[in-house]
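What follows is a single structure, written as structure tokens, with notes after it.
The values are calculated or read from the model by the stated rules, or taken from the named source; none is laboratory data. This one's a predicted model, so the numbers in the text were calculated from it and none came from an experiment. Ideal geometry is used to build each Cβ from the backbone, glycine not excepted, and the neighbour counts take in all protein chains shown. SASA here: full protein model, heavy atoms, side chains in, ligands and nucleic acids out. Shrake-Rupley method; radii C 1.70, N 1.55, O 1.52, S 1.80 Å.
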Amino acid sequence: MYAQVVKSEGSKTRDEMTPEELAFQDRIDRGEKIEPKEWMPEGYRKTLIRQIGQHAHSEIVGQLPEGNWITRAPTLERKAILLAKVQDEAGHGLYLYSAAETLGVSRDELMELLHAGKMKYSSIFNYPTLTWADMGAVGWLVDGAAIMNQVPLQRTSYGPYSRAMIRICKEESFHQRQGYAIMMKMAQGTPAQKRMAQDALNRLWYPSLMMFGPSDKDSVHSAQSMAWKIKMNTNDELRQKFVDQTVPQAEYLGLTVPDPDLKWNEEKGGYDFSEPDWSEFYDVLAGNGPCNKDRLGARVKAWEDGAWFRDALVVHAEKAAARRAVAAE
Amino acid sequence: MPSLPDMNTPEVAELARMQGAHAHPPVPAPDAGEQALFECLLRIGDSTLVLGHRVSEWCGHSPALEEDIALANVALDLIGQTQNWLALAAEVEGQDRSADDLAYLRDAWDFRNLLLVERPNGDFGHTLMRQFLFDAWHHEFLKGAAASTDPRVAEIAAKAAKEVAYHLERTSDLIVRLGDGTAESHRRMAAAVEALWSYTGEMFLADAKDAEIAARGILPDPASLREPWLATVGAVFAEATLALPDSAFAHKGGKQGIHTEHLGYILAEMQFLQRAYPGASW
């Protein structure tokens, strides 16, 4: 998932729930899937729209940092792989906007909210991709962190979202392997390539940890989303899991995780690690990341420059329908 | 203007002689027939490479999500075809170069792509028009090449023809919709025809190398593709309410390595890593 700080609606105790809400919660507790036409609390619907929309936006904005290197990919094969990957991301965007549409919000409406800055996308895509090693590190760390979130979401309570996640997870795990393969090549390459690999890890490590969102142990929103099975694990659980999985992978590459306090903790069976700089995270969310303006600007420009194209398709379809109607008379 | 000093002193002549004596022995040139085939394979392989590059510049910036997906798909097909054509070119050349060496380590004057494909993207209508004019030619070219007397060529062409049939179907459909859409879309598409038409003639001009390869039945005769191409373009333009230009002027030179100014920038970007870090493996 690429959703961070998704505000959840509601959070009622069983005593406060209406009979409908109680029946709904019972269905979720039994592990049933909620389907589009079925009754659902307004808060559930709104929270899901926010979360799925944020995820969809992340996929399409996420095309940009990787698209940045397609024209400079170092071999024809790497270029083809990167193109296929970025194409997959656009496809994920499409599934997710479709899932959101089943909740009564159109893709255009969601796009407008994104362009107006009223909906977010993952903070990670506001960081630049500066060397070819970033194509490896994005696949390895960013897709790796996304998978950590998305695998449990395959069991989320909302049917269309769950099914989209199942498809997306298959492709994302392939992306992560591709990213790691680039990192291996770089880490075993020339001194310059190794330097690029270490530099990519240095720059992307903490932003990747931020992808899970701030600690949510006290968050009411998280509790409600977890009760609805829109969110399956806490941010801290997933972050810990990500660190535990990633540190040995970095060691295998011969790279150093940029955290002097990183240490295996036998007692908890996981690593102790430093928190990212959360003030930086909130700065990025507020629009002050290194690429916020470029990323959103590129999306707005694509949308505005393409208006004539979309309008023309609509007008042509109307003309064609009118001609068919005349022909049928 | 001051006269320039005479540089042809005896010392200079001697230096040149010594230089020549220490140069590497020349690599035996492939025979003329293989040389012509090599050149003709570069003409198609470089064209798909450069067009794939141009199309991929749109990634994440197109007018609709479906278009982002379709463009990435087209670019991916073109890059895949490039891998096949340039690998065969390298094999024919027999100088121990790979497809990547050809793509990443030649300068513009050694590229043999059509000028049409290196034209800048312009607006989305311009990009689609360039693609359509190319697709309509590419489709005919591959149909001919799929019947090649060289089974290696026939195999690559047959696979590519399936992909390009889809490219042509897609661009034909969009040209009709945009030509016969709004007044603005019509104006943009007509402007694209105007801007690009003079780059289409090169596709049908044969030089001695084309003629030789066509005579051997390896690739179709460029001139033979013009009529079916014009039939496709004419039919689509008619439905799109776009006028077929009557100008026969053709810019040419790409197939012989004389390009527009744009190719140098494309290569500077494409080849950056291979040039900046020579010998690295990626």
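One table, with the values for the structure above:
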{"quantity": "Flag if B:Phe132 is in contact with a Ser or Thr (Cβ under 7 Å, 6 or more places away or on another chain), under 23 Å from B:Ala190 (Cβ atoms) and within 11 Å of chain A (Cβ to nearest Cβ)", "calculated": "no"}
{"quantity": "Single unsatisfied condition, B:Pro151 versus (1) open to solvent by 20 Å² or more (accessible area, probe 1.4 Å); (2) touching a residue at least 24 places away in the same chain (Cβ under 8 Å); (3) more than 21 Å from B:Ala70 (Cβ to Cβ)", "calculated": "(2)"}
{"quantity": "Selection within the range A:74-90 - facing chain B (nearest Cβ under 8 Å) and in contact (Cβ under 8 Å) with a residue 12 or more places away in the chain", "calculated": "A:Pro74, A:Arg78, A:Leu83, A:Val86, A:Ala90"}
{"quantity": "Single residue of A:Lys120, A:Lys37, A:Lys7, A:Lys46 found to be among the basic types (Lys, Arg), over 22 Å from A:Gly136 (Cα atoms), out of contact with any Gly (no Cβ under 8 Å at 6 or more places or on another chain) and buried (at least 20 other Cβ atoms within 10 Å of the Cβ)", "calculated": "A:Lys120"}
{"quantity": "Filter pass, A:Gly179 being within 14 Å of chain B (Cβ to nearest Cβ) and free of Cβ contacts under 8 Å to residues at least 12 places away in the same chain", "calculated": "no"}
{"quantity": "Residue check for A:Ile70: in contact with a Cys (Cβ under 6 Å, 6 or more places away or on another chain) and in contact (Cβ under 8 Å) with a residue 12 or more places away in the chain", "calculated": "yes"}
{"quantity": "B:Ile79 vs. criteria within 7 Å of chain A (Cβ to nearest Cβ) and open to solvent by less than 10 Å² (accessible area, probe 1.4 Å)", "calculated": "yes"}
{"quantity": "Identity of the residue in the range A:288-302, open to solvent by less than 80 Å² (accessible area, probe 1.4 Å) and not basic (Lys, Arg), that ends up farthest from B:Glu57 (Cα to Cα)", "calculated": "A:Gly289"}
{"quantity": "Cross-chain or 6+ apart pairs with Cβ under 7 Å, the range A:136-149 first and closer than 9 Å to A:Gln176 by Cα, then of a type in the set (Gly, Ala, Ser) and open to solvent by 10 Å² or more (accessible area, probe 1.4 Å)", "calculated": "A:Ile147/A:Ser173"}
{"quantity": "Subset of the range B:41-64 (residues that are open to solvent by less than 10 Å² (accessible area, probe 1.4 Å) and more than 9 Å from every other protein chain (Cβ to nearest Cβ))", "calculated": "B:Leu41, B:Leu42, B:Ile44, B:Gly45, B:Asp46, B:Ser47, B:Thr48, B:Val50, B:Leu51, B:Val55"}
{"quantity": "Candidates B:Asp207, B:Asp246, B:Asp221, B:Asp173, filtered to the one that is acidic (Asp, Glu) and open to solvent by less than 50 Å² (accessible area, probe 1.4 Å)", "calculated": "B:Asp207"}
{"quantity": "Residue in the range B:195-207 that is more than 18 Å from the chain's Cα centre (by Cα), part of a loop (DSSP other than H, G, I, E, B) and in contact (Cβ under 8 Å) with a residue 60 or more places away in the chain present", "calculated": "no"}
{"quantity": "Close pairs from the range B:163-178: first under 11 Å from B:Ala136 (Cα atoms), partner of a type in the set (A, V, I, L, M, F, W, C) and open to solvent by 40 Å² or more (accessible area, probe 1.4 Å), Cβ under 9 Å, at least 6 apart", "calculated": "B:Ser172/B:Ala235"}
{"quantity": "Among the candidates B:Leu133, B:Leu174, B:Leu142, B:Leu168, residue that is more than 30 Å from A:Ala307 (Cα to Cα) and touching a helix residue (DSSP H, G or I) at 6+ places or on another chain (Cβ under 7 Å)", "calculated": "B:Leu142"}
{"quantity": "Condition check for A:Met196: more than 17 Å from the chain's Cα centre (by Cα), over 20 Å from A:Pro290 (Cα atoms), touching a residue at least 40 places away in the same chain (Cβ under 8 Å) and crowded, with 20+ Cβ neighbours inside 10 Å", "calculated": "no"}
{"quantity": "Within the range A:303-321, considering residues that are facing chain B (nearest Cβ under 7 Å) and open to solvent by less than 40 Å² (accessible area, probe 1.4 Å), the one farthest from the chain's Cα centre (by Cα)", "calculated": "A:His316"}
{"quantity": "Scope the range B:245-282; condition more than 14 Å from every other protein chain (Cβ to nearest Cβ) and without any contact (Cβ under 8 Å) to a residue 24 or more places away in the chain; matching residues", "calculated": "B:Asp246, B:Glu261"}
